[in-house]
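Undergrad: Got a structure for you, written out below as structure tokens; questions coming shortly.
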Amino acid sequence: MATILYRLGRTAFRRRWSVLLVWAAVLVAVGAAAATAPAADDEGSFMPGIEAQKAFDLMDQRFPGSDSQGAGARIVFVAPDGQKITASDNRAAVDELVDKVAAGSQVDRAVSPFKAKAVSKDATTAYATVGYKVKAADLTDATKKTLESAIDVAKKKGLTVELGGTALTSQPAAGGMAEGMGVALAAVVLVITFGSLAAAGLPLLTAIIGVGISLCSILALGSTFGLTMTTGTLATMLGLAVGIDYALFVVSRYREERSKGHAPQEAAALAAGTAGSAVVFAGLTVVIALAGLTVIGVPMLSKMGLSAAGAVVVAVLIALTLVPALLGFWPQAVLSRATRKKTGMRSGSGEQPESVPQENGGTRWARFVLRRPVPVLLAGVAGLGVLALPVTDLQMGMPGDEAKPTSTTERRAYDALAEGFGAGFNGPLTIVVDAGNAPDAKAAVTAITAKIGDTKGVVSVSPAQFNAAGDTAMFSATPTAGPNEAATKDLVQSIRDERPATESATGATFEVTGSTAMNIDIAQALQSALIPYLAIIVGLAFVLLLVVFRSVLVPVKAALGFLLSVLAALGSVVAVFQWGWGAELLGVEQTGPIMSLMPIFLVGIVFGLAMDYEVFLVARMREAYIHGDRPAQAVLTGFRHSARVVVAAALIMIAVFSAFVASPESMIKTIGFGLAIAVLFDAFVVRMALVPAVLALLGQKAWWLPRWLDKALPNVDVEGEALQARPATGRPHHDTMVLARR
């Protein structure tokens, strides 16, 4: 692989104009396709197979014309202080609003709170329900404007009016702010690392090009595969982070090879063959982890994972082709000032003797750890273990309007309903009764309604509504507790546990659905899938690193370190977003269950990133060891060559992910924080501290591999060892290739 990438890098450097034009053409083509592509449809089924989704599907089938996924609005009215909403003036203002909204062409129904008995006991709060014939994405501007203007008129008459539901969901701030902040912070890190504006700008430029291609591709394929901008958020986040890092590794290796006296073209080829090999492997681990999200069974999760995997593939291809090509345009500008002075006016056609390695921050830190491996190991494991403790209280859910800032009308509507009607009013359960096989459908529905109404934890049940055929009915049950409280989850389970006896007595079957039940079912399914997915990822890490490092203990150490960093990151997320420790500093106004998708995302993505750092750091140690260094000296050599670049790469990742913490969307905020803190733990605690400590304690045993396994494993030259002693012909020396197999 190293030889193939060497030739690819050499060709890209020589034919830089062709490579640049090809990538420019790709960017223009996907941009044009994105501009002309129709918008993607909303995801109709979030998680097929769960009970709540089956009930939704049954509703669509038995109640034709009333799409269960259609847009809805809940208009909440609060009377001025000291007044009743039922007062004549206030009542007239409410009815006027409802009548105006009901006249819309896309409105299916609009029910006045006074007709629907939707008035609080103290008569200070009321709500009107509006149902639309189409989904939220298909609402016209005229329909939205009618709703907004009606609300404005009611507000001018003294009422407090807030809006919940999906009809006018508040949109997050215009995209680009988080990405811009991440790029700015990454630029600072790159300038400090390289000491050259050109060297700092090149990874940023190529990463932005890669993200542009990825996003345009997602938009172009959106209508075909149902990819939305939400789907592309993870692709943007990861594409930007790995795009900068992968280009950083290649440029850094190019600078190193130039400092040895190699000509620009040869240095670019060697960088592609060595650092490029590691980029391919690191990118492969990220792609596998992201593609593995498809086994969870959540269509949206699968789409986000595959889209992000595509962005990583683009980042790898750009690092292997466009980066060497751009190095051909600026072969001297990306070098440090010291290297430029060293090369002077030389053409660089001949190699110069490599200078004696100098001490740097990496070697000084590694020497510190090697002298105190036991204290460093114990401190690192104990610290991460303590941070991981909150994981034992992990509660997964799908936060709704209660997690939004109080500046949004949805949050204010949620709070007003909770205050006026009780906490459980914001999370009603929908019961769908299939009475087609019951002797008396109406009697069966009446019995089921009464049974559920008498269940502990249910405040009230609504009258049942039958379909035209009279064989299916649905009604709602209001819990006493809020939608994300444990009591509501227990209530849903209690209702389902009572089902066999009720169905046996009535001859009718029923299912529990609604947004609250849907979120509960999704959270339970994803929580059940987390441990198996984690086991698959850890097992995959062991196999991949076994092939790369040809060692049994190094992969074991890497997998255990990955587990520590993931659990510590999840524990930190629970402490902040669930327990509320320091939540105000991150703009988290409402704590609660962790977004169900977040732990799965964290495990998959951090696995790929952790393997990045493991490969780039430990591969240099292995290379030094097989070339004759003693185990401790190999650790020092690896840190001397790789520590600064790994630190810079980790800081860039942290900068990019941290920028997304400013997002108003709770899911993006949680993922951004989780990924940033996970990279911090994995790069600076696990890879930079625990790895050298463990290797120091193991000594030569760290690189032990049974002979039978050595013969069975394929040879993967990740660090391009076969290229280190190559002749001018471009073919690796035979002795070097033999050494690489050892």
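Undergrad: Of Lys84/Lys135; Lys54/Lys451; Lys260/Lys711; Lys54/Lys489; Lys155/Lys404; Lys404/Lys489, which ones are farther than 25 Å apart at the Cα?
TA: Over 25 Å Cα-Cα: Lys84/Lys135; Lys260/Lys711.
Undergrad: Ok, one more. Would you work out if segment 491-623 is rounded, prolate or oblate? Take a ≥ b ≥ c from the square roots of the eigenvalues of the alpha-carbon gyration tensor; rounded if a/c is under 1.5, else prolate when a/b is larger than b/c, oblate otherwise.
TA: Values: a/c = 4.39, a/b = 1.89, b/c = 2.32.
Oblate, since a/c reaches 1.5 and b/c is not below a/b.
Undergrad: Still on this structure, I have one more. Could you pull out the chymotrypsin sites (Phe, Trp or Tyr not before Pro) across segment 91-148 that fall in loop regions by DSSP (anything but H, G, I, E, B) with no more than 16 other Cβ atoms inside 10 Å? List each step's numbers first, then the result.
TA: Working: sites: Phe114, Tyr127, Tyr132; in loops: Phe114.
Loop-located and lightly packed - Phe114.
Undergrad: Would you work out which of Met518, Asn426, Ala486 lies farthest towards the positive end of the dipole of segment 409-519, given +1 charges on the beta-carbon of Lys and Arg and -1 on that of Asp and Glu, about the Cα centre?
TA: Asn426
Undergrad: Same structure, new question: What does the charge count near Gly400 come to, summing +1 for each Lys or Arg and -1 for each Asp or Glu among other residues with Cβ under 14 Å from its Cβ?
TA: Around Gly400, the surrounding residues sum to -3.
Undergrad: What value, in deg cm²/dmol to 500, does the helix sum -39500 (n - 2.57) over DSSP H runs of n ≥ 4 give at 222 nm once divided by the residues of the chain?
TA: -20000 deg cm²/dmol
Undergrad: Taking θ as phi - 60°, what are the ³J(HN,Hα) couplings along segment 182-197 by the Karplus curve (6.51, -1.76, 1.60), each to the nearest whole Hz, with x for Gly and Pro?
TA: Each residue of segment 182-197 in turn: x, 5, 4, 5, 4, 4, 4, 4, 5, 5, 5, 5, 8, x, 8, 5 Hz.
Undergrad: What percent do you get for the relative contact order of the chain when only Cα pairs under 8 Å and 6+ apart count?
TA: Details: 1310 pairs, mean separation 136.3, N = 742.
Relative CO of the chain lands at 18 percent.
Undergrad: Work out from phi, with θ = phi - 60° and the Karplus expression 6.51 cos²θ - 1.76 cosθ + 1.60, the ³J(HN,Hα) of each residue of segment 295-305, listed in order in whole Hz, and give x for Gly and Pro.
TA: 6, 6, x, 10, x, 5, 5, 4, 5, 5, x
Undergrad: Against the globular-protein guess of 2.2 N^0.38 Å, express the Cα radius of gyration of segment 409-519 as a ratio, rounded to two decimals.
TA: My calculation over the Cα atoms of segment 409-519 gives 1.09.
Undergrad: Relative contact order (percent) for segment 71-165, with alpha-carbon contacts under 8 angstrom and 6 or more residues of separation? Let's see the in-between values first.
TA: Values: 154 pairs, mean separation 43.3, N = 95.
Once divided by the residue count of segment 71-165, the mean separation gives 46 percent.
Undergrad: Give me a comma-separated list of calculated 3J(HN,Hα) values for segment 474-484, in order, Karplus coefficients 6.51, -1.76, 1.60 applied at θ = phi - 60°, integers in Hz, x for any Gly or Pro.
TA: 3J(HN,Hα) across segment 474-484, in whole Hz: 9, 8, 10, 10, 9, x, 7, 9, x, x, 9.
Undergrad: Is the C-alpha gyration tensor of the chain telling us rounded, prolate or oblate? Criteria: a/c under 1.5 is rounded; beyond that, a/b larger than b/c is prolate, otherwise oblate.
TA: Verdict is prolate for the chain.
Undergrad: Taking the Cα atoms of segment 363-433, what is the range of coordinates along each of the three principal axes, in descending order and whole Å?
TA: Per principal axis, max minus min of the Cα coordinates gives 66, 35, 19 Å.
Undergrad: In segment 449-532, which trypsin sites (Lys or Arg not before Pro) fall in coil by DSSP and have 13 or fewer other Cβ atoms within 10 Å?
TA: When the trypsin sites (Lys or Arg not before Pro) of segment 449-532 are filtered for loop state and at most 13 Cβ neighbours within 10 Å, Lys456 remain.
Undergrad: Convex hull over the Cα atoms of segment 71-165, averaged projected area in nm²?
TA: 5.4 nm²
Just so you know, all these numbers are worked out from the coordinates, no wet-lab data involved. Source: prediction; values computed, not measured. Cβ: placed from backbone, ideal geometry, glycine included. Neighbour counts: every protein chain shown.
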